[in-house]
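Here the structure comes first, spelled out in structure tokens, and everything after it is commentary.
The values are calculated or read from the model by the stated rules, or taken from the named source; none is laboratory data. Because the structure is a prediction, the values reported are computed rather than measured. What goes into the accessible areas is simple: the full protein's heavy atoms, side chains included, and nothing from ligands, DNA or RNA. Shrake-Rupley method; radii C 1.70, N 1.55, O 1.52, S 1.80 Å.
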Amino acid sequence: MIRLHNIERSYPLGRGQMFYVLRDIDLDIAAGDFVSVMGPSGAGKSTLLHILGMHDHGWTGEYFFDETAVHHLKSKERATLRNEQVGFVFQQYHLLDDLTVYENLDIPLSYRHYSKSERAALVADSLDRFQIVGKKDLYPRQLSGGQQQLVGVARAIIASPKLLLADEPTGNLHSSQGEEIMELFRRLNEEGMTIVQVTHSEKNASYGKRIIQLRDGWIV
């Protein structure tokens with residue numbers, strides 16, 4: 001499903017010198033895989049995730065997503081592919097504060113070719129699946145951290161993306177809330193969703209099928 005070859009990400013330091021965040025990354029991720037990316041702070045974990053999610057465009061190398069050569073796509077084409085195929089879960093939730101839970105869930109559907117009735121049905125199904133029907137008219141500030149992250153996961157998968165990316169998804173949660181989110185990821189993966197998560201937690205990493213270690217920008 002995903003193939004990275006010789007991916008590198010660097011920033012100029014001046015006087016012709018470069019600081020490399022990622023070096024010579026080769027990585028294959030099959031459909032249905034669940035990959036945990038680990039490593040110390042500054043190892044390049046989040047950078048790798050943002051390259052996979054097509055948010056970062058300043059890299060070199062080859063990136064194939066379902067045989068599509070992402071490295072040859074223009075910025076707008078990458079954005080379309082990202083919006084249609086990739087879901088994101090962030091540590092900071094990133095819900096829109098001035099929108100209700102219902103409206104936050106509807107946002108990803110607005111990027112796709114759904115009718116109004118189809119969108120309403122998908123949001124209703126998601127609210128029911130995540131048992132948050134009673135929260136649909138509330139705003140993020142009225143929810144606990146665990147509830148906000150639950151909405152964040154629901155929003156990430158509402159349009160059935162092929163790839164789910166999670167950056168420290170339980171970092172701001174109590175242990176019991178974090179466990180609930182990780183069990184949810186396990187169920188989603190068992191249903192066939194491909195997941196890549198960045199985590200510092202050995203316990204969270206163990207939910208995945210394999211672990212990739214990054215250090216100083218290299219896969220070790």
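With all protein chains in place and a 1.4 Å probe, the accessible surface of the chain carries 48 percent carbon and sulfur. Between residue 6 and residue 67, full extension at 0.36 nm per residue minus the direct alpha carbon distance yields a gain of 20.3 nm. The radius of gyration of the Cα set in region 54-98, together with its Dmax, comes out at 12.8, 39 angstrom.
Computed with a 1.4 Å probe on the full set of protein chains, the accessible area for residue 144 sits at about 50 Å². Of the Cα atoms belonging to region 1-72, the radius of gyration and Dmax stand at 12.8, 45 Å. Secondary-structure-derived ellipticity at 222 nm for the chain, considering helices only, amounts to -9500 deg cm²/dmol, per-run term -39500 (n - 2.57) for DSSP H runs with n ≥ 4. Need one word for region 115-201: rounded, prolate or oblate. Basis is the Cα gyration tensor (sqrt eigenvalues a ≥ b ≥ c); a/c below 1.5 gives rounded, then a/b vs b/c decides. Since a/c reaches 1.5 but b/c is at least a/b, the shape of region 115-201 is classed as oblate. With both residues required to sit in the chain, DSSP beta bridges show an antiparallel share near 50%.
The mean accessible area for residues of the chain, using a 1.4 Å probe and ignoring ligands and nucleic acids, is 51 Å² per residue. Rounded to the nearest 10 square angstrom, residue 102 shows an accessible area of 70 square angstrom against a 1.4 Å probe. Region 147-220 and region 1-76 have Cα centres lying 18 Å from one another. Excluding same-chain neighbours fewer than eight residues apart, the aspartates and glutamates reachable from residue 162 by a Cα-Cα span under 13 Å are 33, 66, 84, 191. Give me the log10 of I(q) over I(0) for the chain at q = 0.15, 0.17, 0.18 Å⁻¹, as the Debye formula computes it from C-alpha points; what are the numbers? Results for the chain at q = 0.15, 0.17, 0.18 Å⁻¹ read -1.01, -1.25, -1.36.
When the surface is traced with a 1.4 Å probe over the full set of protein chains, residue 218 keeps roughly 120 Å² accessible.
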